[in-house]
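Read through the structure below, which is laid out as structure tokens, and then see the notes.
The values are calculated or read from the model by the stated rules, or taken from the named source; none is laboratory data. Not measured: the values here are computed from a predicted model. No Cβ is skipped: glycine too gets one built from the backbone with ideal geometry, and neighbour counts run over all protein chains shown. When the accessible area is computed, the model is the full protein with side chains, heavy atoms only, and any ligands, DNA or RNA have been set aside. Shrake-Rupley method; radii C 1.70, N 1.55, O 1.52, S 1.80 Å.
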Amino acid sequence: EMCIRDSNNTRGIKIFTGNSNKNLVKQVCECLNLPVGKSKVSTFSDGEISVSLGETVRGFDCYIIQTTSNPVNNNLMEMLIMIDAMKRASASRITAVIPYFGYARQDRKSAARDPISSKLVSDLITKAGANRVLTMDLHAPQIQGFFNIPLDHLIGAPLLASYIRSKQENPDEWVVVSPDLGSVTRARNFAGRLNCSLAIIDKRRQKANVCEVMNLIGDVEGKKIVMVDDMIDTAGTLCNAAKAVIEKGKAKEVYAAATHAILSGPAVERLKEAPIKEVIVTNTIHIPEENKLDKMTILSVAPLFAEAIERIYEEKPVSPMFK
């Protein structure tokens, strides 16, 4: 059997996946020099999910890498059923590795009688039998507290920032822009990494998924702009913000950087037509060919997840990764 065995760790390690992001899993396994665990995740003719593990997991340290992106509920259910299968097959520890955590935006009651779906999802993952969670760029970091099991929270900013630094000749000609008030803390940290100043767009949202840009706070005239967010979903906020900094703020050019490329609905069309020079995202979510743009750069988070998995497996701290 191919598996890492370490002097201070007698358990082997195995990595499995559902159907959500097989390319990423392949890359993670290549980084770790491990095969992808044998399993079959399919559906019965009535639509129920069927999971069968093709190799033993008894006594092994198991990692299930599954992004809960579209189709969100299918991918989530695949993961829950796979966790259950491993628990019942006596895996010694099960880690749910969730590069993009779906339902993360439903993290509080924003109106009366609203559910808090991300808490429900956290409970489901724990109840299914996961012993720990590894994820990246949660929409709200407080979601870590929805779990009563250990959670390691990786961040995509260092990866995105180092790519942009490679384009920077003079930090003074760059400004990081937060496309809305919710992303200010993230944008501020990012500006710190790039050693440049910060501007903010204050938008008023009339109703969910429809937004309208209002005011630009800060000076962007003649500058190169980096718009930073945790995700690009329908890309409305981002594209309106890009138009605002160019039309109202007289910026020179706009780059967009985000960890999770959800790209739902009209996102691809909007990005194509928006005055954005380059869209920089990662592969936490599988991006189908028809959603890829010429001006899109996809950075791989596989080395980050591989290192985190190795550290968790070897009982070493994960914190040095954030320096």
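Checked across region 35-46, the condition of being in contact with a helix residue (DSSP H, G or I) (Cβ under 9 Å, 6 or more places away or on another chain), of a type in the set (A, V, I, L, M), within 18 Å of Ile309 (Cβ to Cβ) and assigned to a helix (DSSP H, G or I) holds for no residue. Of all residues in region 20-34, exactly one satisfies the criterion of being over 17 Å from Thr95 (Cα atoms) and not in a helix (DSSP H, G or I), namely Asn33. If you check Ser319, Ser300 for being out of contact with any Cys (no Cβ under 8 Å at 6 or more places or on another chain), among the hydroxyl-bearing types (Ser, Thr, Tyr) and farther than 29 Å from Val72 by Cβ, only one passes: Ser319.
Taken over region 102-137, the criterion of being touching a residue at least 40 places away in the same chain (Cβ under 8 Å) and closer than 19 Å to Ile312 by Cα is satisfied by Ile125, Gly129, Ala130, Arg132, Leu134, Met136, Asp137. Going through (1) open to solvent by 50 Å² or more (accessible area, probe 1.4 Å); (2) of a type in the set (A, V, I, L, M, F, W, C); (3) closer than 19 Å to Ala199 by Cα one by one, Val254 falls short only on (1). Just the residues that are open to solvent by 10 Å² or more (accessible area, probe 1.4 Å) and either within 18 Å of the chain's Cα centre (by Cα) or not basic (Lys, Arg) (or both), please, taken from region 76-94. Those that are open to solvent by 10 Å² or more (accessible area, probe 1.4 Å) and either within 18 Å of the chain's Cα centre (by Cα) or not basic (Lys, Arg) (or both): Leu76, Met77, Glu78, Leu80, Ile81, Asp84, Ala85, Ala89, Ser90, Ala91, Ser92. Given the structure, is Val97 farther than 21 Å from Ile232 by Cβ, crowded, with 17+ Cβ neighbours inside 10 Å, hydrophobic (A, V, I, L, M, F, W, C) and touching a Phe, Trp or Tyr at 6+ places or on another chain (Cβ under 7 Å)? Here the answer is yes, as Val97 does meet what is asked. Among the residues of region 47-101, those that are hydrophobic (A, V, I, L, M, F, W, C), in contact with a helix residue (DSSP H, G or I) (Cβ under 6 Å, 6 or more places away or on another chain) and not in a strand (DSSP E or B) comprise Val57, Leu80, Ile83. Within region 22-60, the set of residues being closer than 18 Å to Glu78 by Cβ, buried (at least 19 other Cβ atoms within 10 Å of the Cβ) and of a type in the set (Phe, Trp, Tyr) is empty. Checked against (1) under 17 Å from Ser20 (Cβ atoms); (2) touching a His at 6+ places or on another chain (Cβ under 7 Å); (3) among the charged types (D, E, K, R), Glu78 meets all criteria but (2). Residue count for region 277-290, restricted to those that are buried (at least 16 other Cβ atoms within 10 Å of the Cβ) and at pLDDT below 95: 0. Which of the residues spanning region 301-323 are assigned to a loop (DSSP other than H, G, I, E, B), open to solvent by 40 Å² or more (accessible area, probe 1.4 Å) and either small (Gly, Ala, Ser) or farther than 20 Å from Gly156 by Cα (or both)? Once the filter is applied, which keeps residues that are assigned to a loop (DSSP other than H, G, I, E, B), open to solvent by 40 Å² or more (accessible area, probe 1.4 Å) and either small (Gly, Ala, Ser) or farther than 20 Å from Gly156 by Cα (or both), region 301-323 yields Glu315, Lys316.
Residues that are exposed (fewer than 13 other Cβ atoms within 10 Å of the Cβ) and within 20 Å of the chain's Cα centre (by Cα) within region 157-180 comprise just one, Ser162. Would you pick out the residues in region 115-154 that are assigned to a loop (DSSP other than H, G, I, E, B) and open to solvent by less than 50 Å² (accessible area, probe 1.4 Å)? Within region 115-154, Gly129, Ala130, Asp137, Leu138, Ala140, Phe147, Ile149 meet the criteria.
Scoring Leu293 on the criteria (1) open to solvent by 10 Å² or more (accessible area, probe 1.4 Å); (2) within 21 Å of Arg186 (Cβ to Cβ) leaves a single failure, condition (2).
Contact map, region 206-228: residues that are under 16 Å from Gly182 (Cα atoms) paired with residues that are modelled with pLDDT under 70 and among the polar types (S, T, N, Q), Cβ distance under 7 Å, separation 6+ or inter-chain. Pairs shown: Glu212/Gln206.
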